[in-house]
Amino acid sequence: MDEVKYPVLTEKSIRLLERNQYTFNVDSQSNKTKIKNWIEHFFDVKVIAMNSYRLPEKGGKRGSMIVHPIRCKRMIITLRTGDSIPLFSEQ
């Protein structure tokens with residue numbers, strides 16, 4: 001599925017792991033329902049809540065033109081207590 005691009009590992013997302021919240025970058029056109037269904041079926045977990053936000057634009061200059069790269073959405077996904085996503089499990 002091209003809608004979920006990759007998990008995000010930043011200082012904030014690592015802190016959120018303690019509260020059973022996982023962060024993913026997703027396609028800017030995707031919606032919460034599609035992402036929730038995909039996460040629940042692919043990882044066999046129960047999603048309790050989802051928050052999404054768009055990353056800020058970072059403009060660049062190429063010659064005399066100002067360009068804006070394609071942005072993506074970031075989703076913070078809260079899982080049911082006891083569930084975890086294997087990508088982040090401690091082994």
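Classify the chain as rounded, prolate or oblate, taking a ≥ b ≥ c as the square roots of the eigenvalues of its Cα gyration tensor: rounded when a/c is under 1.5, otherwise prolate if a/b is larger than b/c and oblate if not.
prolate
Helix-only mean residue ellipticity at 222 nm, the chain, DSSP H runs n ≥ 4 weighted -39,500 (n - 2.57), per residue, nearest 500. What is it? Please report the intermediate quantities before stating the final value.
On the way: 2 runs with 19 residues, N = 91.
It lands at -6000 deg cm²/dmol.
Residue 18 to residue 64: extension gain in nm, 0.36 nm per residue of separation minus the Cα-Cα distance?
11.9 nm
Spelling out what I want: for every residue of segment 60-65, take phi, set θ = phi - 60°, compute 6.51 cos²θ - 1.76 cosθ + 1.60 (Karplus), and round to whole Hz; glycine and proline get x.
Once θ is set to phi - 60°, the couplings for segment 60-65 become x, 10, 10, x, 9, 9 Hz.
Whose amide H sits under 5 Å from the amide H of residue 46, counting only residues 5 or more places off or on another chain, with H placed in the peptide plane?
Placed amide hydrogens put 80 under 5 Å from residue 46.
Once you keep just the Cα pairs under 8 angstrom separated by 6 or more residues, what percentage relative contact order results for the chain?
32 percent
Quick one: Karplus J couplings for segment 43-56, per residue in order, coefficients 6.51, -1.76, 1.60, θ = phi - 60°, nearest Hz, x for Gly and Pro?
After applying 6.51 cos²θ - 1.76 cosθ + 1.60, I find 9, 6, 10, 10, 8, 8, 8, 9, 10, 9, 8, 8, 6, x Hz.
When the solvent-accessible surface of protein heavy atoms is calculated with a 1.4 angstrom probe, in what order do 2, 83 fall, highest first?
Solvent-accessible surface, decreasing: 2, 83.
On a full-extension model of 0.36 nm per residue, what is the gain between residue 52 and residue 34, subtracting their alpha-carbon distance, rounded to one decimal in nm?
Numbers: separation 18, 0.36 × 18 = 6.48 nm, distance 1.29 nm.
Value of the extension gain: 5.2 nm.
Using modelled backbone amide H atoms (1.01 Å from N, in-plane), which distant-in-sequence or interchain residues come within less than 5 Å of residue 72's amide H?
55
The values are calculated or read from the model by the stated rules, or taken from the named source; none is laboratory data. Since we're looking at a predicted model, the values are computed, not measured. Quick note on the areas: whole protein, heavy atoms, side chains included, nothing else; ligands and nucleic acids left out. Shrake-Rupley method; radii C 1.70, N 1.55, O 1.52, S 1.80 Å.
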